[in-house]
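Visitor: Below you will find the structure I want to go over with you.
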Amino acid sequence: MPENVTASQMLRDFFLGFVKVHVLHHASKGPIYGVWFLGELERHGYHLSPGTLYPLLHALEASGYLEREDRVVEGKVRKYYEITALGERALTEARAKMRELVREMLEDEEGVPAPQPPLTLTAAR
């Protein structure tokens, strides 16, 4: 591990990757907003601060995976995020990779080969 990266930073990076996929998953179901999503993450055992989540949402928007709509709710502007076509493609690919990884990990844990459905790989853009 590089000298400037601690184990806790590395673990944090792994979990932030999971959070990004989680964001795309929920945004594919309908509009999401930050405070609601922080509660959703808590439900799954993730404890993120708004100072971590909001830059992540902004980065996903800037990368074209999410689009934002500002709405006035109870006199305050609330930012709602929905998945884009690019985000849908990324989510589809992430699901395929997750299935492959989970299948392999369970196979290792159980010692029994899991059935291997064919994977469709797409070129990275």
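Visitor: May I ask you to compute the full-extension gain from TYR33 to LEU11, defined as 0.36 nm times their residue separation minus their alpha-carbon distance, rounded to one decimal in nm?
Guide: 5.4 nm
Visitor: Residue by residue, what Karplus-based ³J(HN,Hα) values in Hz, rounded to whole numbers, does segment 26-42 have, using 6.51, -1.76 and 1.60 with θ = phi - 60° and x for Gly and Pro?
Guide: With the stated coefficients, segment 26-42 comes to 5, 5, 6, 8, x, x, 10, 9, x, 4, 4, 5, 4, x, 4, 5, 4 Hz.
Visitor: For the residues VAL21, VAL77, what sequence is obtained by ranking on other C-beta atoms within 10 Å, fewest first?
Guide: Fewest-to-most ranking of VAL21, VAL77: VAL77, VAL21.
Visitor: Follow-up. Under a straight-distance cross-link criterion of Cα-Cα below 23 Å, which lysines are reachable from LYS79, leaving out those fewer than 8 residues away in the same chain?
Guide: LYS20, LYS29
Visitor: Tell me, LEU91, LEU86 in order of fewest to most beta-carbon neighbours within 10 Å?
Guide: LEU86, LEU91
Visitor: Could you give the Stokes-Einstein D for segment 7-84 in µm² per second, using the C-alpha Kirkwood radius, 37 °C, 0.692 mPa s?
Guide: Estimated diffusion coefficient is 254 µm²/s.
Visitor: What are the ³J(HN,Hα) values, in whole Hz, obtained from phi via the Karplus relation 6.51 cos²θ - 1.76 cosθ + 1.60 with θ = phi - 60°, for each residue of segment 102-108 in sequence order, with x given for Gly and Pro?
Guide: In residue order, the calculated couplings are 4, 4, 5, 5, 5, 4, 4 Hz.
Visitor: Compute the signed sum of charges (Lys and Arg +1, Asp and Glu -1) over the other residues within less than 12 Å, Cβ to Cβ, of LEU66.
Guide: Values: positive: LYS20, ARG68, LYS79; negative: GLU61, GLU67, GLU69, GLU82, GLU88.
Residues close to LEU66 contribute a combined charge of -2.
Visitor: I'd like the distance between the alpha-carbon centres of segment 78-109 and segment 10-45, rounded to an integer number of Å.
Guide: Distance between centres, Cα-based: 12 Å.
Values quoted throughout were computed directly from the atomic coordinates according to the rules given, and no laboratory measurement underlies them. Note that the coordinates shown come from a computational prediction; the quantities given were computed from them, not determined experimentally. Methodologically, a virtual Cβ is constructed for each residue, glycine included, from the backbone with ideal geometry; neighbour enumeration extends over all protein chains shown.
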